[in-house]
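Okay, structure first, notes after.
Please treat every number below as a calculation from the coordinates, not as lab data. Bear in mind that the values here come from a model prediction, so they are computed numbers and not experimental data. Note that each Cβ is placed from the backbone with ideal geometry, even for glycine, and that neighbours are counted across all protein chains shown.
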Amino acid sequence: MNDFLPGISQALNVHPLFVHFPIALWSFSLLLWVLGQFLGRNELLNAGRWTLYAGTLGALVTLGTGYLAADGIGHDSVGHDLVHVHRDFMLWSVGLGLLTTVVAFFLRNRGTSKGQWAVTLGLFLTVGLTTLGADRGALLVYRYGIGTRAAMKSHGEEGDHGEETEEAEAHEHGESSDPRDSSSKNDHHK
């Protein structure tokens with residue numbers, strides 16, 4: 001697996017593999033739903049409904065992987081309080097996404113204007129909350145390095161991955177991690 005999917009093999013958890021599904025699917029669902037309403041096209045509403053279902057399923061999986069990822073983060077790590085803010089935004093967005101999904105499901109054959117606007121509002125709020133939560137998730141990774149090997153290394157939590165991390169960093173910079181191989185360093189600085 002290391003050679004075939006080297007990025008995934010270095011991941012500390014699977015949460016990053018799922019986070020984009022609810023963001024993309026709910027956003028696309030909102031677009032399809034709004035277009036379907038304004039153009040009066042039931043096929044667009046149906047596509048938006050199925051995309052909403054898929055986004056909600058993806059959000060539930062993502063929420064589960066997020067809880068598993070949070071368990072691997074120490075409570076004393078830098079930026080940990082932001083983990084709770086991220087979690088709370090995502091809990092609200094998944095709850096609202098579930099509610100919107102249920103409303104869309106029960107309105108699938110009725111097609112009332114008020115019901116369609118309720119789904120539109122639910123999707124708009126779901127996408128908004130998801131965007132805020134995803135932004136906090138990005139801040140956790142890009143500012144604090146939460147969930148990365150670099151953060152674990154700086155906090156002294158690297159376990160037996162230290163050599164692998166050093167090798168990966170040396171490879172990234174075109175250097176060899178083997179001190180006996182000085183030709184790589186010399187070639188890199190020429």
Just subtract the alpha-carbon distance of R108 and W92 from 0.36 nm times their residue separation and send over the number in nm, one decimal.
3.4 nm
Theoretical gain in end-to-end length, V14 to R143 [0.36 nm per residue, Cα-Cα removed]:
44.5 nm
The FRET efficiency for W117 and F4, from their Cβ-Cβ distance with R0 = 45 Å and rounded to 0.05, is 0.40
